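*Asks:* Sharing a structure, written as structure tokens. Questions coming.
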Amino acid sequence: MNAWNLAQINVGRLRAPIDDPMIADFASSLDRINALADGAPGFVWRLVGAGGDATDIQPSADDPNLIVNMSLWRDLDALAAFVYRSDHRSVMRRRAEWFEKMDVYMALWWTPAGHTPSVEEGLAALERLERLGPTPAAFTFRAPYPAPDGRPAAPVLDVCA
């Protein structure tokens, strides 16, 4: 058993409210993609609101179209396999249809096994990444840091644009 899990947060600003027809393909994919994550090797946990996904969790009272997704994984390889080498990739390739462009929208960090990060903790990781660039406290697939227990983390090079 690992002493550390990899936490991830990603946020997106929808181009329209979640129930708008422009967002329908994204919204209708959520259950399928979440089930795929739940069954993926190395999956530990994901943020879930009252509706079974995280779209009803508002990370910003000032921005109702900002949505958040968080999850925990055994390691970087497990998360990368789900994100870039599963059907998740087909949905991710269409993100420009549903989301405004954001410079920093995803951050990774190591958290002790058994700890479930809060949305506030994830937003703080995003802010650190935006302010400082990749550090052990908040990093990216392309510039990862090893786990505190010494498990290496090689850069993920099959990141789709």
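The values are calculated or read from the model by the stated rules, or taken from the named source; none is laboratory data. Keep in mind that what you see is a predicted model, and the values were worked out from it rather than measured. Counting neighbours? That spans all protein chains shown, and the Cβs are built from the backbone with ideal geometry, glycine included.
*Asks:* Within the stretch 4-12, identify whether any single residue is assigned to a helix (DSSP H, G or I) and at negative phi, and answer yes or no.
*Replies:* Within the stretch 4-12, not a single residue is assigned to a helix (DSSP H, G or I) and at negative phi.
*Asks:* Ok, one more. Please find, within the stretch 52-63, the residue that is farthest from I9 (Cα to Cα) out of those that are touching a Leu at 6+ places or on another chain (Cβ under 9 Å) and surrounded by fewer than 17 Cβ atoms within 10 Å (Cβ to Cβ).
*Replies:* Step by step, filter the stretch 52-63, then rank; the result is G52.
*Asks:* Condition check: surrounded by 14 or more Cβ atoms within 10 Å (Cβ to Cβ) and without any contact (Cβ under 8 Å) to a residue 12 or more places away in the chain. Does P134 satisfy that?
*Replies:* yes
*Asks:* Failed condition for N5, given (1) at pLDDT 95 or above; (2) under 24 Å from A138 (Cα atoms); (3) in contact with a helix residue (DSSP H, G or I) (Cβ under 7 Å, 6 or more places away or on another chain), with all others met?
*Replies:* For N5, the exception is condition (3).
*Asks:* Among the residues of the stretch 92-110, write down those that are farther than 17 Å from S60 by Cβ, buried (at least 17 other Cβ atoms within 10 Å of the Cβ) and touching a helix residue (DSSP H, G or I) at 6+ places or on another chain (Cβ under 8 Å).
*Replies:* W98, L108, W109, listed by residue number.
Condition check ((1) within 21 Å of W109 (Cβ to Cβ); (2) charged (D, E, K, R)) across all residues:
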| residue | (1), (2) |
| --- | --- |
| P17 | no, no |
| D38 | no, yes |
| A50 | no, no |
| I57 | yes, no |
| W73 | yes, no |
| Y84 | yes, no |
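*Asks:* Conditions: (1) out of contact with any helix residue (DSSP H, G or I) (no Cβ under 9 Å at 6 or more places or on another chain); (2) at pLDDT below 95; (3) assigned to a helix (DSSP H, G or I). A24 meets all but one. Number of the miss?
*Replies:* (2)
*Asks:* While we're here: Taking W45, is it among the aromatic types (F, W, Y) and farther than 29 Å from P152 by Cα?
*Replies:* Spelling it out, it is not the case that W45 is among the aromatic types (F, W, Y) and farther than 29 Å from P152 by Cα.
*Asks:* Then there is this: Report yes if A61 is outside any strand (DSSP E or B), more than 13 Å from the chain's Cα centre (by Cα) and modelled with pLDDT of 95 or more, otherwise no.
*Replies:* no
*Asks:* At least 3 residues that are more than 19 Å from D38 (Cβ to Cβ) in each: list the helices (runs of 4 or more DSSP H) lying fully within the stretch 75-161 that qualify.
*Replies:* 95-98, 119-132
*Asks:* Do we have V48 as β-branched (V, I, T), within 13 Å of the chain's Cα centre (by Cα) and part of a loop (DSSP other than H, G, I, E, B) here?
*Replies:* When the stated conditions are applied, V48 passes them.
*Asks:* Here's a follow-up. Within the stretch 32-51, which residues are under 18 Å from S90 (Cα atoms) and either exposed (fewer than 12 other Cβ atoms within 10 Å of the Cβ) or touching a residue at least 40 places away in the same chain (Cβ under 8 Å) (or both)?
*Replies:* Hits for the stretch 32-51 are R32, I33, A35, L36, A37, G39, A40.
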